[in-house]
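Participant: One structure, pasted below without further comment.
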Amino acid sequence: MPSKEELLAKAKKPAEDAMRLHPFYKGKVQILPKCPVRDLRDFAVWYTPGVAAPCQAINKNPELVYEHTNKANSIAVISDGTRVLGLGDIGPEAGLPVMEGKALLFKYLGGVDAVPLCLRTKNPEEIIQTVKFLEPSFGGINLEDISQPKCFSVLDTLRKELAIPVWHDDQQGTATVLFAGLINALKVVNKDIRDIRIVFVGVGAANVSTYRLLKTVGIVPEQIIACDSKGILHKNRKDIEEKKDIFSDKWLMCSETNPGGITGGIREALRSADVCIAFSSPGPGIIQPEWLKKMNSNAIVFACANPIPEIWPWEAKEAGARIVATGRSDFPNQVNNSLGFPGIFRGVLDVRARTISDEMAIAAALALAKFADDRGINEDTILPKMDEWEVFLHVSVATATKAQEQGIARLSKTGEELYQEAFNIIKNARESTRLLMDNGLIRTAPENTLK
């Protein structure tokens, strides 16, 4: 068993490597042709004069844009840089490395071409208008790292007004993967979802969306207690009531949860709880080990703040938690949106869905949970890992199938067709990356850069 010092050193290594490797590669994504260019004569087809013909065809029938361009497989990753990871409002330039990383995951895991776009505005109306301006060029929109409360109105407005799917990964993506992890964690500890008591630590975009989703699947608000930075939510939180027009979701949680009117902070909320779902400030130290000791036996702890969880996993285990999950790939049970969004968007694009419904997110979560359960789950493997790339195929098919069932897909395909199409596209993305690496077109970092 590694010592605490060794575990801490391992936890710091990704940041150290990132500072060496980002300058070496100067970014993580690029644009490459997808059509052949044998000589300059081919440009007469791909550009002028030949390109005028598809332009005229699209002008007569706008839906043909999906056939003649890459719109059918491209999305925009949109952020204003106001809530980047757990780093807060660091601005659009500082947020760009995250958006590029998101685009890399979209391509490698889902075969989706994603363009990172960081906006120099914090105004929600300007964000909404900018996305509307971009709609003709993309098959979908992924909102990312936008602070609350505006992230809710931006998402809700764009979902209503755009004819392409809009997804806020910090809300819907987090809730989807968390729900999948919760399904399997409860299975491991043999607890019924209808009987558990849940504590939310943090009432930001992630937990508000998780709250919405859990209610959709049947968890009643009376099972939940939530804490923000000022303490437990309850009906007498006047500070929230005074701003309920701005923080309507938080006020709703004050009204619906915590029927016993418990007051205090995280310590008091965790007493006799079965599940802790934390999406708050980077730790460690946000959640103290002695507080977890007051939870029920076989406790489940999701400590998902990035880049450092609210409590180190080994501390939570020592305090009695049976299952501990974080948002990091270097610890067991990573609850990361990357398990969801590549497959979800793959499925959405493959049937040209007009939106991404809550039912589609639930279908994706159930597919995630089932994939892990089928290959075997235990305390350290409640979710698939990103290198189990077949999971994205199953999530894709489940999402696309539900879109068709709900009548919000433009195309109709069988499960077998969806699986094979997703398989071919994702395999192409992975093999293309390997081919570029093998041929030196993606350089290998010097030994001292990789140390």
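Read-outs throughout are calculated quantities, based only on the coordinates presented, and are distinct from any laboratory measurement. This is a predicted model, so every value here is computed, not measured. All Cβ positions, glycine included, derive from the backbone under ideal geometry; neighbour counts span all protein chains shown.
Participant: Report the full-extension gain for the segment Glu417 to Val217: residue separation times 0.36 nm, less the Cα-Cα distance, to one decimal in nm.
Facilitator: 69.1 nm
Participant: Which one of Leu87, Asn184, Pro62 has its Cα pushed farthest toward the positive end of the charge dipole of the chain, where Lys and Arg give +1 and Asp and Glu give -1 at the Cβ?
Facilitator: Leu87
Participant: How do 389-401, 214-226, 120-132, 71-83 rank on mean C-beta neighbours within 10 Å, highest first?
Facilitator: 389-401, 71-83, 214-226, 120-132
Participant: Could you work out how far the C-alpha centroid of the stretch 314-386 sits from that of the stretch 168-242, in angstrom?
Facilitator: Answer, in whole Å: 16.
Participant: Under the rule of -39500 (n - 2.57) per DSSP H run of 4 or more residues, summed and divided by the residues of the chain, what mean residue ellipticity at 222 nm is obtained, to the nearest 500 deg cm²/dmol?
Facilitator: Estimated from H runs of four or more residues: -14000 deg cm²/dmol.
Participant: Around Gly340, what is the net charge, scoring Lys/Arg as +1 and Asp/Glu as -1 over all other residues with Cβ under 13 Å from its Cβ?
Facilitator: 0
Participant: Note down the net charge around Ile196, summing +1 for each Lys or Arg and -1 for each Asp or Glu among other residues with Cβ under 12 Å from its Cβ.
Facilitator: Residues near Ile196 contribute -1 overall.
Participant: Along the charge dipole of the chain, Cβ charges K/R +1 and D/E -1, which of Ala398, Cys227, Gln172 sits furthest on the positive end?
Facilitator: Cys227
Participant: Under a plain spin-label model, where a point goes 7 Å from the Cα along Cα-to-Cβ, how far apart in nm are Lys427 and Arg194?
Facilitator: It works out to 4.4 nm between the two label points.
Participant: For the chain, go through all pairs of different Cα atoms, get the mean of 1/r, take its inverse, and jot down that Kirkwood value in Å.
Facilitator: Its Kirkwood hydrodynamic radius stands at 23.1 Å.
Participant: Continuing with the same structure: Only four residue types carry charge here, +1 at the Cβ of Lys and Arg and -1 at the Cβ of Asp and Glu. Report the dipole size of the stretch 214-337 about the Cα centre in Debye, rounded to the nearest 20.
Facilitator: In total the dipole reaches around 140 debye.
Participant: What's log10 of I(q)/I(0) for the stretch 19-169 at q = 0.12, 0.15, 0.20, 0.21 Å⁻¹, Debye sum over Cα points only, no solvent?
Facilitator: Normalising to I(0) and taking log10 leaves -0.60, -0.87, -1.23, -1.29.
Participant: So, one more: Helix 92-110 against the longest principal axis of the chain: what's the angle in degrees, Cα atoms only, rounded to the nearest 10?
Facilitator: It is inclined by approximately 70 degrees.
Participant: Normalising by the residue count of the stretch 19-169, find the relative contact order in percent from Cα pairs under 8 Å and 6+ residues apart.
Facilitator: 23 percent
Participant: Can you compute the modelled spin-label distance between Thr444 and Asn306, with each label point 7 Å from Cα toward Cβ, in nm?
Facilitator: In this crude spin-label approximation the distance works out to 3.0 nm.
Participant: When only C-alpha pairs under 8 Å and at least 6 residues apart count, what is the relative contact order of the chain, in percent?
Facilitator: Over the chain, the number comes to 15 percent.
Participant: What's the FRET efficiency of Glu67 with Met437 using the Cβ-Cβ distance as r and R₀ = 22 Å, to the nearest 0.05?
Facilitator: 0.10
Participant: A further question on this structure: Order 29-36, 164-171 from most to least packed using the mean count of other Cβ atoms within 10 Å.
Facilitator: 164-171, 29-36
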